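Visitor: Can you keep this structure in mind? I'll have questions shortly.
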Amino acid sequence: MIFRSQLRHSVRLWLGALLFGLLAGLALELCLGALRFTAAPPGLPDGAEPAVVWLLSAAGTCVLALGVFGVLADAAGRRRQAALRASLDVAHERLREQALSDPLTGLPNRALFEERLARQLGAAEGGQQESLAVLFIDLDGFKPINDSFGHAAGDTVLAEVGQRLRGLVGSEDLAARVGGDEFLLLLRLDGEAGRAPRMATQVLQVISKPYRLPNLVDVNLSCSIGIVTYPAHGPGSKLLANADAAMYAAKRAGGSSFAVFAPSMDQDARLQLELQHDLRMAIERHELELYYQPKVHALSSQITGAEALVRWNHPLRGMISPTVFIPVAERFALISALGYWVIEEACRQVREWLDQGLRMRVAVNLSMQQLRQEDLVPRIRAALEHHQVDPSLLTFEITESVAMEDATMRAFGALAGVGVSLSIDDFGTAYSNFAALRKLPAKQLKIDRSLFTDIDESGDALAVVDAMIKMAHALGLKVVAEGVETERQRDLLLALHCDEFQGYLYGRPMPAHMLSLWALGEGETHPVDFRASLYDPRVLIG
């Protein structure tokens with residue numbers, strides 16, 4: 001197209017130059033003819049007429065040469081402009097491609113998806129048949145892969161998912177990655193509503209195939225899919241929101257499935273949006289509170305510390321369970337702000353207990369997002385210094401899957417440099433990598449309750465827990481059994497030389513003032529006592 005345009009322009013230029021030359025020659029010929037028919041001017045020497053003719057010829061030739069030069073210069077300038085315009089068009093197209101595509105998977109991004117969706121909605125406006133469908137896809141089990149094997153492994157999986165989805169869609173459909181582990185499909189239905197569920201089934205099948213990681217480990221994934229069709233499931237402006245709501249309905253049902261949008265799902269989506277809005281204000285409004293669940297020494301049954309657990313007392317909805325608002329915080333990128341509030345509040349409470357004469361060691365959970373923040377260690381150090389708290393009274397618990405990531409190991413070293421204690425939480429629920437555990441400056445390991453729930457009935461469970469405790473002791477780690485609920489569990493774990501217990505058998509999470517009353521021996525009696533040394537600030541509990 002550009003070549004043809006340049007050719008047409010060159011032809012026009014040379015035709016113009018030819019016409020200019022003909023006209024200049026004609027004008028010269030007229031001048032010469034006039035000289036031949038006109039008497040010589042008075043005073044003109046004899047024989048001077050040929051010189052005049054020569055001068056006129058030279059002048060005409062110069063005019064012609066100048067015209068041709070102008071034409072050639074103009075043509076060269078236009079060629080340069082055309083080349084520059086073509087290079088700019090190419091650069092613009094590349095920038096557009098980069099702006100509208102996902103660099104990891106090569107798929108279109110959300111901006112291009114929404115542009116294409118708007119175009120198809122405009123073409124389908126006013127139709128009665130279901131003309132298009134949107135499938136909202138969210139990977140199940142992707143976070144443990146990212147946490148356990150690192151971001152490079154996670155990127156490998158995401159790129160492979162993108163290739164598999166690209167292979168499913170036709171030329172008139174569109175697959176896009178819209179962020180994290182979320183993908184969208186745009187399908188043309190042309191009245192065939194059954195195509196969307198069939199495509200969802202195919203997506204479930206291809207996503208569930210194994211993925212080979214860079215370290216040659218194979219992992220498996222599933223996904224949750226939300227389906228909406230137009231115009232059955234709302235106006236175009238709400239299609240993506242409704243597809244997202246349907247996807248979360250599928251995820252709440254256990255994942256590895258798809259759900260077609262229903263009006264009740266929209267209410268759930270609105271509730272999540274309202275909760276995330278309220279959660280942003282909860283810290284400023286002092287609606288959050290830390291509860292503390294005691295940890296006890298296995299042999300003496302005396303308390304050794306407490307784990308801080310956040311609770312939300314909503315002014316209208318009452319007490320909201322962490323199982324409800326923690327996923328909201330994770331989904332809407334509020335978990336880091338929430339985690340920093342917990343650290344600050346825990347340090348404040350430790351200081352308050354110290355002022356009462358109570359020396360309490362408190363454990364706080366750290367999220368993956370916090371461990372990736374460069375200001376984590378400075379924030380912790382600032383909180384300890386602000387409240388004048390000994391770092392040894394603060395323990396940070398990190399789940400096993402998070403603790404094994406390379407970035408986490410580096411963060412562990414920085415945290416250990418502050419002087420705080422480190423604990424591996426939920427051990428036994430992921431890969432139980434004792435080799436990696438050797439490299440961590442942790443002092444404590446918490447065994448997840450799922451490993452010993454049936455310890456009194458299953459010899460296998462007993463053998464597994466026994467092996468874990470022996471391995472942890474060999475590495476110099478104290479072992480905490482988390483979720484002890486029965487005396488039989490306590491007795492068996494005690495026989496296996498578990499160091500500490502935490503669970504409903506000893507105490508449920510409680511507000512700080514109730515834990516203080518318990519320590520002072522006021523109010524309801526409990527089967528667990530505080531060590532006398534807790535009231536002596538000169539003595540640090542081992």
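Visitor: When the Karplus curve 6.51 cos²θ - 1.76 cosθ + 1.60 is applied with θ = phi - 60°, which whole-Hz ³J(HN,Hα) does each residue of the range 171-183 get, with x for Gly and Pro?
Guide: 5, 9, 9, 8, 10, 9, 9, 10, x, x, 10, 10, 9
Visitor: Right, another one. With a point put 7 Å past each Cα toward its Cβ, work out how far Arg212 is from Lys443 in nm, to one decimal.
Guide: 4.6
Visitor: Can you list the residues of the range 312-353 with backbone N under 19 Å from a point 7 Å past the Cα of Leu271, pointing along Cα to Cβ?
Guide: It comes to 312-332, nothing else.
Visitor: Shifting gears a bit: Does the range 147-276 come out rounded, prolate or oblate, given a ≥ b ≥ c as the square roots of the eigenvalues of its C-alpha gyration tensor, rounded meaning a/c under 1.5 and, failing that, prolate meaning a/b above b/c? If you can, show how the numbers build up before the last one.
Guide: On the way: a/c = 2.15, a/b = 1.41, b/c = 1.53.
It is oblate, given that a/c is not under 1.5 and a/b is not larger than b/c.
Visitor: Just from the alpha-carbon atoms, what are the Rg and Dmax of the range 324-385 in angstroms?
Guide: My reading of the Cα-based Rg and Dmax gives 13.1, 40 Å.
Visitor: Sticking with this one: If you take the square roots of the eigenvalues of the alpha-carbon gyration tensor of the range 213-283 and sort them as a ≥ b ≥ c, do you get rounded (a/c under 1.5), prolate (a/b over b/c) or oblate?
Guide: Since a/c reaches 1.5 but b/c is at least a/b, the shape of the range 213-283 is classed as oblate.
Visitor: How big, in percent, is the set of alpha carbon pairs in the range 431-494 lying more than 13 Å apart? Present the calculation step by step, with values, prior to reporting the outcome.
Guide: Numbers: 1255 of 2016 pairs.
Value for the range 431-494 (Cα pairs over 13 Å): 62 percent.
Visitor: Let me ask something else about it. Pulled fully out, how much extra length does the chain show between Gln163 and Ala262, if you take 0.36 nm times their separation in residues and subtract their Cα-Cα distance?
Guide: Numbers: separation 99, 0.36 × 99 = 35.64 nm, distance 3.04 nm.
Taking Gln163 through Ala262 to full extension adds about 32.6 nm, to one decimal.
Visitor: At what distance in nm do the modelled label points of His151 and Ala253 sit from each other, each positioned 7 Å from its Cα along Cα→Cβ?
Guide: 3.5
Visitor: Between Ala463 and Glu385, what's the calculated FRET efficiency when r is the beta-carbon distance and R0 is 41 Å? Round to 0.05. Before the final figure, lay out each step's value.
Guide: Working: r = 47 Å, r/R0 = 1.14.
Once rounded, the FRET efficiency stands at 0.30.
Visitor: Please find the FRET efficiency linking Ser222 to Ala76, where r is the Cβ-Cβ separation and R0 is fixed at 41 Å, and quote it to the nearest 0.05. Please list the in-between numbers first.
Guide: Working: r = 63 Å, r/R0 = 1.54.
According to the calculation, E is roughly 0.05.
Visitor: Arrange the peptides 358-368, 274-284 so that the one whose residues have, on average, the most other Cβ atoms within 10 Å appears first.
Guide: Working: 358-368: 20.8, 274-284: 15.7.
So the peptides 358-368, 274-284, ranked by packing, come out 358-368, 274-284.
Visitor: Next question, about the same structure. Between Arg280 and Lys470, what's the calculated FRET efficiency when r is the beta-carbon distance and R0 is 60 Å? Round to 0.05.
Guide: Numbers: r = 47 Å, r/R0 = 0.78.
The formula returns an efficiency of 0.80 here.
Visitor: While we're on this one: Using the basic label-point model (7 angstrom from Cα toward the beta carbon), what is the Glu289 to Asp454 distance in nanometres?
Guide: It is 3.8 nm.
Visitor: What order do you get for 227-233, 483-489 when each peptide is scored by the mean count of other beta carbon atoms within 10 Å, highest first?
Guide: 227-233, 483-489
No lab work stands behind these numbers, since they all come straight from the coordinates. Quick caveat: nothing in here was measured; it's all calculated off a predicted structure. Heads up, the Cβs are rebuilt from the backbone with ideal geometry, glycines too, and the neighbour counts pull from every protein chain shown.
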